[in-house]
Each structure stands twice: as C-alpha cells, then as structure tokens.
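Below is one structure, written out as structure tokens; comments come after it.
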Amino acid sequence: MMKTNKWTTTLSGLLILTLAITGCGSNNNSNQQESPKPTATTDTSKATETADNEKDVTIEYWQYEFPAKVDLINELITEFQSLHPHITVKQTNFPYDQYNQKVATLVPAGKGPDIINLYYGWLPKYVSSGYLQPLPEDSFPTAEIESNYYPLVSAAKIDGSYYAIPTAVRTLALFYNKDLLNKAQITELPTTWEQLVETSKKLTETDAKGQFVTEGLAWEPGAQLHHWYRDGLVHQAGGQDLSEDRRKILWAETPAGLEAFQYLLDFAIKHKVGINGFYENDSNAFMTGHAALNIDGSFRLGSIKKDFADLNFGVAPLPSYKSKSAPSSFWANAIPKNVEGDKLKAASEFLKFLTSKEVQEKWVDQIGELPAQKAVATQDKYVNDEKLGPFINQLDDSRAHFFIDETQEKTLFVDATNEVLLNNVPVDKAFTDLVAKTQKLYDDYWAAVDKK
Amino acid sequence: MLEQALRLTARKSRELLHTRLTYRTQRYLFIYIALGIPLLYFLSTRMAPILYAFNVSVREWDLLSQDKPYVGLANFSALFADEIFQKSIVNTFKFVIIGVPGQLIVGLAVALLLHNVQRFRGFFRTVYFIPYVTSIIAVSWVFRWILMRNGWLNEMLLNLGLEPQLFLQSPRQALLLITLTMIWQSTGFQMLIFMTGLEAIPRMYYEAAAIDGAGAWRKFRHITLPLLNPVIVFSAVIGVISYLQSFGQVLSMTNGGPLNATTTMVLHIYNLAFQQFKMGSAAAATVVLFAVILALTLLQLKVLNKKVEY
C-alpha cells in the first residue's frame with residue numbers, strides 16, 4: 001500500500017506540473033484577446049454603483065532611466081493626482097539602451113503602458129508596426145499643435161496625424177571652453193564655417209610627438225556630428241535633406257551635400273583639429289577640458305552642471321554658411337493603440353498636463369531641455385539666459401530629420417567617415433555610397449509601409 | 001453505477017501494479033519519472049522556444065505588431081544576401097579559430113605550471129580565476145580604456161619611440177584584441193578544468209616513463225596529452241560553442257565596429273531583433289547559428305574523441 005501511495009503522489013505531482021506548465025502557456029496566449037471580456041462584465045455590474053462619480057483609473061507611464069527626468073515625473077505625478085484624485089499614475093523606467101528591447105518584449109506579453117515616452121526617431125518604426133494610435137483629436141487638435149509648437153515637432157506627424165507630443169525639445173549649439181579660449185587669446189566666437197576652421201586650428205594643441213593635448217574641435221561622427229550634417233551643414237550649404245514625401249534622400253541632388261560632407265571630414269583629415277575616440281568621445285574630452293570646442297545638445301547642460309560644475313564654459317549658436325540651420329530632436333509622449341475608454345481619457349488628461357506651460361517651465365529648470373511651445377520658450381527669462389538663450393534662439397531655424405531607423409542611419413554615416421579615415425576611400429566615393437545605402441533603408445521602409 | 005465501475009478499475013490497476021511490476025521495474029520506473037521532471041522543465045523552457053524560433057524564422061514579424069504573416073524562406077534568402085550577415089559569419093569563425101586554440105594553449109600552459117608547484121598554488125589559482133568571475137562589461141571597459149586612442153598602451157608605445165596604434169578603432173586589430181580579452185578572461189576557467197584533468201592522471205605512469213628515460217617533452221607528448229584527451233575534447237566543444245556565441249565583449253568594446261569588422265552572428269541577431277525589430281530575420285539567423293553549432297559540435301565529437309587505453 002505504501003508504495004502505491006508513493007506512486008500516486010509522484011504521478012499526481014507530475015500531472016500538476018504538466019498542468020501548470022501547459023496552463024501557463026495557454027494563459028499567455030489568450031491574455032490579450034480574452035482579458036477585456038471579464039473587465040467588461042465587471043464594468044457593467046459596477047456601473048450602477050459608480051455611475052455618478054468618476055471611476056478610479058490607474059494608468060502606466062513608461063520612460064527611459066534618466067535620473068533627473070524620473071524624479072521630475074514622480075513630482076509631477078503627485079501634483080497631477082491631487083488635481084485628479086480618481087486617476088493613479090504609475091511610472092516604469094528602463095535603461096536607455098534596453099528601452100526598445102524591453103518595450104518590444106513586454107508589450108506582446110500584455111504588459112503595455114498607457115503613455116509611452118519615445119525618441120522621435122523611433123516613431124516611424126512604432127507607427128508602422130501599428131503600435132501607436134494618433135493623439136485624440138479633441139484633446140490635441142492638429143491645427144493647435146501646428147500653431148503653438150515649433151515646426152520641428154512635425155517629425156511626429158505621420159500620415160497626416162500627430163502620434164506623439166513633446167514637453168521639451170533640444171537643439172545643438174557650439175560649446176566652448178572659456179579658459180582655453182582665453183589661453184589662445186581668442187575673443188571672438190566663430191559664426192561662419194571658415195571662422196570655425198580658423199578658430200579650431202588656433203585652439204588645437206599637440207605635443208612633441210604630434211599627439212593631441214587639446215582638440216580644437218571635438219570630432220565624433222557617431223555622437224552629434226551626424227545630426228549636425230543632416231539638419232545643419234547640408235541646409236547651410238544650400239542643400240536639402242529629405243524630399244517632401246520623406247521618400248528620397250536629397251543630399252546628392254545638389255553639390256551642397258558633398259561640400260558639407262567634405263567640410264565635416266576636413267576637420268579630422270585636413271585641419272587635424274580633432275579625432276574620434278580621443279578620451280573615448282567628444283563630451284568626455286570637452287567636459288574634462290581636453291577639447292576647446294564641441295558641438296553638443298542642450299541636454300548636456302544638465303550633466304555638466306551635475307558632474308563638472310567647475311567647467312568654465314559658454315554656449316554659442318552654431319556657425320552658419322549660406323543660411324542658418326540647427327539640428328534639433330525631442331522625446332515625445334505617445335499613446336499605444338490598445339488604450340481605450342476610461343484609460344484613454346485619463347491618459348490624454350495626463351498628457352495634457354505634461355504639455356502644460358507650468359510643466360514645460362519646470363522641465364527647463366530641472367532638466368535643461370527647451371520648451372516645445374513657442375510662447376513658453378520665448379519668454380525673456382529664457383531668451384536672455386546665457387546658456388539657454390543660444391539654444392532657444394536657434395529653434396526657429398531648427399530641423400529634426402525624419403529617421404527611418406536612427407541607429408542604422410547613424411551607423412551608415414559613421415561607416416562612411418571610417419571608410420575615408422581608415423581605408424583611404426576618396427571622399428566623394430564614400431559619400432556616394434552613404435547616399436545609396438541610406439536611400440536603400442528608406443526604400444525598404446516605404447516598400448513595407450506601402451504593402452500594408 | 002459509474003462509481004462502482006471506477007472503484008473496480010482502480011482496484012484492478014492496483015492489483016496489476018502489484019502483480020506485474022517487480023520491485024526492480026518499479027524502482028526503474030521511479031528513476032525515469034524522477035528524471036522526467038527536469039526533462040519536462042527542459043522541454044518547456046528550452047525546446048519550446050527553439051521550436052518557436054523555427055516557427056518565427058519563416059514569418060515576417062516586427063515584434064510590436066500582432067500579425068505574423070508566413071513568408072516561407074524569404075527571411076533566409078534575404079539574410080544570405082545581407083553583406084553584414086556574411087561578414088558576421090566570417091568574423092564569428094575568426095573568433096573561434098583564434099579564441100579556442102588560444103584559450104586551450106594558455107589554459108594548459110598555466111595548469112601545467114601550477115601543477116608543478118606546491119607553494120602559493122592556491123594564491124595563483126585564485127589570481128588566475130578572478131577575471132573569469134569578473135563582469136564582462138567591467139573587463140571590457142577596462143580594456144577599452146587601456147586601448148583608447150590616447151590610452152595607457154599608446155602612451156607606452158610612444159614612450160618607447162613607437163607609432164601609436166588605432167587598436168579597437170582599427171578594422172584590422174579590433175577583432176584580435178577582443179579575442180585576446182576573451183582568452184584573458186577565460187584562462188582561469190580553462191586552467192581549472194585542466195588542473196582537475198591533470199590530477200586524475202596517475203603518478204605511476206610518469207614514474208615508469210622516468211625509469212625508461214623519457215624526458216619532459218616525451219612525458220607530455222605521450223602521457224599527459226593522450227590522457228587529457230577527454231578534457232581537451234570537452235574544453236574544445238565548450239570553447240567552440242562559447243566563441244560561436246561571442247557577444248558581450250563585442251557589444252561593449254566596439255559594438256561591432258569599425259566598419260563591421262567585429263560584428264558577430266549573435267551581435268547581428270541582437271541588432272536585427274532589438275534594434276531593427278526584424279524578429280523574422282533574427283530568428284532565421286538564430287536557426288543558422290543553431291545549425292552551425294550543432295554541426296560543429298557533432299564534427300568535433302567525432303574527430304577529437306579518440307578512445308585512449310589506460
């Protein structure tokens with residue numbers, strides 16, 4: 001008898017285990033289709049009780065792990081919840097370099113956010129996957145967005161609808177190390193292409209063995225320079241970036257594209273005022289005082305303030321050529337497609353709050369990113385600020401390239417510069433290849449979109 | 001009625017168990033069922049995802065969307081037309097060809113040296129083993145700083161009057177340097193395996209060989225190496241598998257650059273899946289990698305595993 005008992009325990013244990021495993025598996029699959037049903041039934045039964053009051057809703061906000069932003073959002077959530085007692089907002093964060101990965105793996109598992117913070121360059125990918133819904137037109141009318149926000153925000157307009165809306169935007173500008181400029185007795189900041197070359201030459205310092213001690217201009221194509229090329233140099237030289245319908249790369253349509261590419265490369269190969277990998281990257285070199293000039297974004301103000309408070313530096317608008325143009329970018333909040341009903345209402349409410357004037361101002365103070373709405377940004381207190389002013393003044397001439405795939409487009413650009421630097425490929429050939437390969441990315445993207 | 005019937009069958013089956021199964025068979029049955037539990041776990045957490053990856057490899061799926069249309073072998077043909085994937089295969093084999101022999105030779109050398117000392121053996125063993133338990137990311141970043149353009153190693157070269165090198169920024173040097181880092185990091189593990197193997201070789205063989213007048217080399221060549229064969233086969237198989245899956249060091253030291261000179265198959269799979277969201281292509285690449293690892297492992301077991309008479 002004892003033995004049979006053992007047998008039955010073992011067998012039933014096995015059975016339970018099998019059930020548990022298969023049960024889990026099928027649960028996961030059916031989660032997405034079936035879960036709305038039970039909530040719908042409970043909703044109707046509860047509806048009678050809570051018909052008068054607004055129902056309690058919990059929404060989830062996802063953004064990447066950037067300590068200052070996480071803290072500010074927590075503060076804002078408390079404020080928002082006191083204004084809307086029936087809404088609870090939960091914040092979830094993922095490290096920047098795993099962000100897409102986490103989103104992509106958690107969402108199919110049925111653990112999606114109700115509002116998600118995305119880099120604008122990722123939007124096309126998210127939209128073409130059918131992951132996002134257009135912002136509700138009643139809360140965010142297209143016309144209003146277009147009159148109140150800086151035009152660069154139109155990068156979030158896909159197929160005629162806005163899929164995301166930013167609280168803040170960023171532009172690039174010329175950072176300069178005041179001590180190093182004084183040492184080289186430079187009193188005037190460069191405002192043209194030529195002056196930038198001359199100034200960076202004067203600021204460059206090498207040792208007896210020909211190695212850099214100080215870079216005149218930090219040179220890191222994979223950091224901000226590829227943005228500088230697309231949204232700055234090409235336009236400044238009289239060229240264009242993308243066709244109106246966002247299908248064709250126009251760099252090679254006029255001589256401007258190559259001229260700009262050559263100009264950017266010449267800093268490393270002809271003038272030798274900077275090189276990639278010096279102190280790992282451009283911002284390290286600049287923040288540690290080993291680069292006199294650097295092209296970097298307004299988001300760097302925060303990290304300099306935090307980690308290199310003693311750095312004596314200033315900010316100037318980017319030098320220009322035939323016209324002015326400055327690269328810009330933004331992180332924007334979007335609503336996933338599966339958010340509906342009360343959650344959707346709560347999500348738009350929170351999104352409205354996040355784009356309010358007060359929040360935009362807090363964002364500037366605590367994060368250092370610029371207000372996305374013209375009326376907020378152009379207040380005297382910002383325009384006249386020594387550090388913020390140059391960034392804000394460029395907003396009118398700023399552009400945000402419509403990325404099909406930011407990582408791949410960046411890699412192609414870096415590869416093109418490496419072909420010249422490491423393999424002695426002629427600049428014009430590297431350029432032609434770059435245009436062709438980038439165009440192919442666009443062709444593939446649009447082919448997939450058109451198929452749907 | 002039904003209850004009665006059930007009770008009857010239950011009694012019958014209990015009787016059957018008693019009469020038909022001897023104690024021996026019952027014992028075996030128990031052992032196999034006990035073994036079956038981990039197998040079940042293995043099947044559900046390992047085999048199921050593998051089969052699922054096979055399924056995804058013939059579909060077009062961009063991870064965020066719900067529909068996954070069947071596209072046949074389109075992912076595979078696109079993959080083999082992809083220059084970066086071709087390059088990643090070549091690079092992966094370079095990692096294996098340099099890494100596995102490198103790791104075996106260095107590990108064996110250290111093990112042999114340590115096997116012949118008694119004092120400080122534990123100390124050395126610990127020192128050599130520390131890199132293995134250090135985080136890959138930390139090790140990679142330390143080497144990154146050493147190998148930086150204006151880093152420590154270039155400064156040494158300049159002080160010696162030599163030309164500074166591009167190191168990780170050079171398409172010709174980067175892969176070799178990453179492999180050396182990986183060898184450096186896994187030496188401790190390899191050493192430990194070989195030391196265990198060496199312990200298992202009976203002393204008397206060496207004593208007998210010494211009486212016959214064999215020198216150190218001949219003892220090594222004719223006793224140590226043949227008797228270590230099972231350990232070498234094991235290490236080679238494990239080594240090949242791990243170098244075929246080179247990823248962490250590459251990601252944190254060069255991220256596949258410059259000019260894809262260090263992109264490995266796994267890094268490319270990672271990029272396809274989580275940077276470009278092309279799960280179908282990524283799964284197809286995974287299937288290719290799976291086939292390569294399986295084929296190489298079987299080949300190695302066949303070629304390397306020679307029976308040695310003790």
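For segment B:236-245, indicate whether the set of residues that are outside any loop (DSSP other than H, G, I, E, B), without any contact (Cβ under 8 Å) to a residue 40 or more places away in the chain and more than 25 Å from residue A:129 (Cβ to Cβ) is non-empty.
yes
Mind checking whether some residue in segment A:210-218 is assigned by TED's automatic domain parsing to the domain that holds residue A:434, open to solvent by 10 Å² or more (accessible area, probe 1.4 Å) and aromatic (Phe, Trp, Tyr)?
yes
Which of the residues that make up segment B:28-49 are open to solvent by 100 Å² or more (accessible area, probe 1.4 Å) and either in contact (Cβ under 8 Å) with a residue 24 or more places away in the chain or at the interface with chain A (Cβ under 9 Å from one of its Cβ atoms) (or both)?
Passing the criteria: B:30, B:41.
Tell me the helices (runs of 4 or more DSSP H) entirely within segment A:235-310 that contain at least 2 residues that are out of contact with any Asp or Glu (no Cβ under 8 Å at 6 or more places or on another chain) and among the acidic types (Asp, Glu).
Ranges flagged: A:256-269.
Looking at this structure, is residue B:266 open to solvent by less than 40 Å² (accessible area, probe 1.4 Å), in contact with a helix residue (DSSP H, G or I) (Cβ under 8 Å, 6 or more places away or on another chain), under 30 Å from residue A:106 (Cα atoms) and assigned to a helix (DSSP H, G or I)?
Spelling it out, residue B:266 is indeed open to solvent by less than 40 Å² (accessible area, probe 1.4 Å), in contact with a helix residue (DSSP H, G or I) (Cβ under 8 Å, 6 or more places away or on another chain), under 30 Å from residue A:106 (Cα atoms) and assigned to a helix (DSSP H, G or I).
Which of the residues spanning segment A:59-68 are at pLDDT 90 or above and farther than 20 Å from residue A:101 by Cα?
A:59
With the requirement that a residue be of a type in the set (A, V, I, L, M, F, W, C), over 23 Å from the mean Cα position of the chain (by Cα) and at pLDDT 95 or above, what does segment A:308-325 give you? Even if it seems obvious, please write down each step before you answer.
Here is the first cut: in segment A:308-325, the ones of a type in the set (A, V, I, L, M, F, W, C) are A:308-309, A:311, A:313, A:315-316, A:318.
Checking the rest, the ones that are also over 23 Å from the mean Cα position of the chain (by Cα) come to A:308-309, A:311, A:313.
Within segment A:308-325, A:311, A:313 qualify.
Considering every residue within segment A:401-418, establish whether at least one is in contact (Cβ under 8 Å) with a residue 60 or more places away in the chain, part of a helix (DSSP H, G or I), open to solvent by 60 Å² or more (accessible area, probe 1.4 Å) and away from chain B (no Cβ under 14 Å).
no
Please work out which residue is nearest to the other protein chains (Cβ to nearest Cβ), limiting yourself to segment A:276-335 and to residues that are of a type in the set (D, E, K, R) and more than 30 Å from residue A:163 (Cβ to Cβ).
A:280
Quickly run through segment A:110-131 and pick out the residues that are surrounded by fewer than 18 Cβ atoms within 10 Å (Cβ to Cβ) and within 12 Å of another protein chain (Cβ to nearest Cβ).
Those that are surrounded by fewer than 18 Cβ atoms within 10 Å (Cβ to Cβ) and within 12 Å of another protein chain (Cβ to nearest Cβ): A:110, A:130.
Working only within segment B:271-292, note down all residues that are part of a helix (DSSP H, G or I), surrounded by fewer than 20 Cβ atoms within 10 Å (Cβ to Cβ) and within 12 Å of another protein chain (Cβ to nearest Cβ).
Residue satisfying the conditions is B:275 alone.
Identify the single condition in (1) in the same structural domain as residue B:271 (by TED's automatic domain parsing); (2) open to solvent by less than 80 Å² (accessible area, probe 1.4 Å); (3) under 30 Å from residue B:62 (Cβ atoms); (4) free of Cβ contacts under 8 Å to residues at least 40 places away in the same chain that residue B:95 does not satisfy, given that it satisfies every other one.
Looking at each condition in turn, residue B:95 falls short on (4).
Please work out if residue A:177 is touching a residue at least 60 places away in the same chain (Cβ under 8 Å), open to solvent by 30 Å² or more (accessible area, probe 1.4 Å) and in contact with a helix residue (DSSP H, G or I) (Cβ under 8 Å, 6 or more places away or on another chain). First the steps, then the outcome.
Working: touching a residue at least 60 places away in the same chain (Cβ under 8 Å): yes; open to solvent by 30 Å² or more (accessible area, probe 1.4 Å): no; in contact with a helix residue (DSSP H, G or I) (Cβ under 8 Å, 6 or more places away or on another chain): yes.
In short, no.
Name, by its number, the condition in (1) open to solvent by less than 40 Å² (accessible area, probe 1.4 Å); (2) in a helix (DSSP H, G or I); (3) of a type outside the set (Phe, Trp, Tyr) that does not hold for residue A:334.
In the conditions (1) open to solvent by less than 40 Å² (accessible area, probe 1.4 Å); (2) in a helix (DSSP H, G or I); (3) of a type outside the set (Phe, Trp, Tyr), residue A:334 misses (2) alone.
Only one residue in B:127, B:110, B:139 is open to solvent by less than 40 Å² (accessible area, probe 1.4 Å) and more than 29 Å from residue B:265 (Cα to Cα), so which one is that?
B:110
Of the residues A:243, A:154, A:161, which is over 28 Å from residue A:383 (Cα atoms), polar (S, T, N, Q) and outside the structural domain of residue A:285 (by TED's automatic domain parsing)?
A:161
Of the residues in segment A:81-109, how many are within 13 Å of chain B (Cβ to nearest Cβ), of a type outside the set (Ser, Thr, Tyr) and open to solvent by less than 30 Å² (accessible area, probe 1.4 Å)?
Counting residues in segment A:81-109 that are within 13 Å of chain B (Cβ to nearest Cβ), of a type outside the set (Ser, Thr, Tyr) and open to solvent by less than 30 Å² (accessible area, probe 1.4 Å) gives 5.
How many of the residues in segment A:222-234 are touching a Gly at 6+ places or on another chain (Cβ under 7 Å) and either of a type in the set (A, V, I, L, M) or part of a loop (DSSP other than H, G, I, E, B) (or both)?
So the count comes out to 1.
Can you report the number of residues in segment A:337-372 which are of a type outside the set (A, V, I, L, M, F, W, C), within 21 Å of residue A:297 (Cα to Cα), open to solvent by less than 40 Å² (accessible area, probe 1.4 Å) and assigned to a helix (DSSP H, G or I)?
The total comes to 2.
Might you let me know whether segment B:210-219 holds any residue that is within 21 Å of residue A:222 (Cβ to Cβ) and in a helix (DSSP H, G or I)?
Within segment B:210-219, not a single residue is within 21 Å of residue A:222 (Cβ to Cβ) and in a helix (DSSP H, G or I).
Tell me whether segment B:172-193 contains one or more residues that are within 14 Å of chain A (Cβ to nearest Cβ) and not in a helix (DSSP H, G or I).
yes
Checking the condition within 14 Å of chain A (Cβ to nearest Cβ) and surrounded by 14 or more Cβ atoms within 10 Å (Cβ to Cβ), which residue from B:62, B:67 passes?
B:62
Could you say which residue among B:86, B:118, B:103 is modelled with pLDDT under 95 and either closer than 30 Å to residue B:293 by Cα or open to solvent by 70 Å² or more (accessible area, probe 1.4 Å) (or both)?
The unique qualifying residue is B:118.
Looking at (1) open to solvent by 10 Å² or more (accessible area, probe 1.4 Å); (2) outside any helix (DSSP H, G or I); (3) polar (S, T, N, Q), which one does residue A:171 not meet, given that it meets all the others?
The one condition residue A:171 does not meet is (1).
Going by the structure shown, is residue B:75 in the same structural domain as residue B:240 (by TED's automatic domain parsing) and touching a residue at least 40 places away in the same chain (Cβ under 8 Å)?
no
Among the residues of segment A:422-446 satisfying the criterion of being within 13 Å of chain B (Cβ to nearest Cβ) and over 28 Å from the mean Cα position of the chain (by Cα), which is surrounded by the fewest Cβ atoms within 10 Å (Cβ to Cβ)?
Of everything passing the filter in segment A:422-446, A:424 is surrounded by the fewest Cβ atoms within 10 Å (Cβ to Cβ).
The values are calculated or read from the model by the stated rules, or taken from the named source; none is laboratory data. Source: prediction; values computed, not measured. Using ideal geometry, Cβ is built from the backbone for each residue, glycine included, and neighbour counts are taken over all protein chains shown. Quick note on the areas: whole protein, heavy atoms, side chains included, nothing else; ligands and nucleic acids left out. Shrake-Rupley method; radii C 1.70, N 1.55, O 1.52, S 1.80 Å.
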